[in-house]
Structure formats: C-alpha cells, structure tokens
C-alpha cells in the first residue's frame, strides 16, 4: 500500500544554514506519527515541504504517491499551521464553507456539522471567530484541516493553546481519525500527548533524524525494583529478563517478595538523551 507520506533524503538549505540534512521518514496508512525536536530542529521545514510550501534543496517528498505540492498531493492532505489567522468576522460555519470551496468539497452542511461535532464545537456554528478563545479557534483550525476528507493530516503544534479538556478532545479526535484510516503527522513539544496517542515517534535535531520508533521502544529500562518484607531492593541496569534470577536469589536469601517492577525511563528521558547526545 502506498504510504501516506514518504520523505527520502530530504535536504533544505537557506544560504549557509542547513534546515534539513537528508531526512528519511515514512508515515503509513492510518498511522499516527509524532515529530519531536527542539526549536530550530527542522520540524516545521519538513512539514512545510510536505505541504509544498517549501521547495527542497535535494531529495523528495511524496504524499499518497504524488509529488508534494502537486494537485493530487494537495487534495490528499489537510494542514493546520502553528501560526494561523482566520477572519474575525466570519462564523465557524462560514469559515468551513470557505474552506469547502477552496478544497472543492461537496460535503455541504452535513460535512460541516460532522466536523464541528468532531472537534467539540457543535454549538458554535454561528459564533464569530473573534469571540472565540484561542483554544476554540485552534479546534476550529483542526476542523478546517479535515474538510474534504484528507488521507494525510499535518498538524503543527495543534494543542499549544488548549487547556486539559481541549487536549483531551484532540486526543480523542486523533484516535478517531486513526480508526478511520487517516494518517497524521503531529509536530508538537508536548511529549505526554505523543506518548499517549502516537504509534511512532521521530526525533529531529539540527536537521537530522536522530531516532525513530514506538514510544515504548525508545524508553529504555533503567532497572528493577523489588518490594520485600525488609523494604525496597533496587537493581540498577537490570532488565525484564533478569527478573527470574533476581527473585530466585532473593528467595534463597530468605527474603519475602511482595512486588516486582521493571522501571522504565519516560519518553521525555529518551528524548533528552537523544538530543543531548
């Protein structure tokens, strides 16, 4: 099956500055991939290259098998920029009508109602953008990115202005999109959100892809803790396969064991280790 997004040896240079240095990345059908990295790492350049807004210095980007920026590629994707502005005088419904016309969508009222329901704005269809909170506007931005039923959704910091309730709505939305087979590339600094919803994570720094994998695989074991009658016994560096031998030894020493835990680092620990290295 053709990947939703295929980035091959992508490089982008602005004068003497290398924003991207030969990045390879694939987002499969219905896959949710988190894009992590510090400010200036090249994440937004990668996303804009996928949209066709930035022309690569070398390498290629394919969206659903079509070159990024081409008409078929644009039809296949939805995009929400980190910094976006909607006309304040439009209502939520009018804004979606505009984007339906821009996207060539014939979904009409039914599509608009479904999208507003999906992002938790079902009661705000007639509300003007200028009267909405930043979080509401951000959720409206996600709704406009979904106009026309794109196969690939590119989200640049979509939860940065949301409160916990708004973030939960977005998490549930992303899980629903996965069920529908929509692929998502999520550029964010909120590692907790990535850890909860993403199938895979890609870590970029200084224009290079430094690590890639499932969140649980990137987080490494940091040891084993055993709760005994005499307190907690810690075995730094031990892994899951070491547990039987550890338990056997403690029992032989006369310890009574109540609980065994494999202690793992968080995605934040893994991220910092990769970037600092």
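Expressed as an acute angle from 0 to 90° and rounded to the nearest 10, what is the orientation of the C-alpha long axis of helix 92-103 relative to the principal long axis of the chain?
Helix 92-103 and the main axis of the chain meet at about 80 degrees.
Given an 8 Å cut-off on Cα distances and at least 6 residues of separation, report the relative contact order of the range 219-266 as a percent.
Reported relative contact order: 54 percent.
On full extension of the chain, what length is gained from residue 240 through residue 113, given 0.36 nm per residue of separation minus the C-alpha to C-alpha distance?
40.8 nm
Normalised by the empirical 2.2 N^0.38 Å for globular proteins, what value does the Cα Rg of the range 153-277 take?
Taking the Cα Rg and dividing by 2.2 N^0.38 Å, one obtains 1.40.
Antiparallel as a % of all DSSP beta bridges within the chain, to the nearest 5?
65 percent
Assuming R0 = 22 Å, can you tell me the calculated FRET efficiency for the pair residue 24 and residue 276, based on Cβ-Cβ distance, to the nearest 0.05?
0.45
Specify the inter-centroid distance of the range 37-90 and the range 100-138, based on alpha-carbon positions, in whole Å.
Taking the Cα centre of the range 100-138 as reference, the centre of the range 37-90 is 22 Å away.
Just to confirm the number: angle between the C-alpha axis of helix 243-252 and the first principal axis of the chain, 0 to 90 degrees, nearest 10?
That works out to roughly 30 degrees.
Rg and Dmax of the chain, using alpha carbons, in Å: what are they?
Just the Cα atoms of the chain yield Rg and Dmax of 22.5, 75 Å.
Determine the gain in length on full extension of the stretch residue 199-residue 247; use 0.36 nm per residue of separation and subtract their C-alpha separation, reporting nm with one decimal.
That pair, residue 199 and residue 247, stretches by 13.9 nm at full extension.
Using a Gaussian network for the chain with springs between C-alpha atoms less than 10 Å apart, which of these wobbles most: 246, 142, 203?
246
For the chain, what does the helix formula give at 222 nm: sum of -39500 (n - 2.57) over DSSP H segments with n ≥ 4, over the residue count, nearest 500 deg cm²/dmol?
-10000 deg cm²/dmol
What is the pair-distance distribution P(r) of the range 219-266, computed from all Cα-Cα distances in 5 Å bins starting at 0, with each bin given as a whole percent?
So the P(r) values, bin by bin, are 5, 23, 34, 22, 11, 4, 1.
Have a look at 205, 217, 123 and tell me which one the Gaussian network model of the chain (Cα, springs below 10 Å) gives the largest fluctuation.
Among 205, 217, 123, the largest GNM mean-square fluctuation belongs to 123.
Which angle from 0 to 90°, rounded to the nearest 10, does the C-alpha axis of helix 267-276 make with the longest principal axis of the chain?
90 degrees
Quick note: the coordinates plus some simple rules give every number you see, no bench work behind them. Because the structure is predicted, anything quoted here is derived from the model rather than measured. Heads up, the Cβs are rebuilt from the backbone with ideal geometry, glycines too, and the neighbour counts pull from every protein chain shown.
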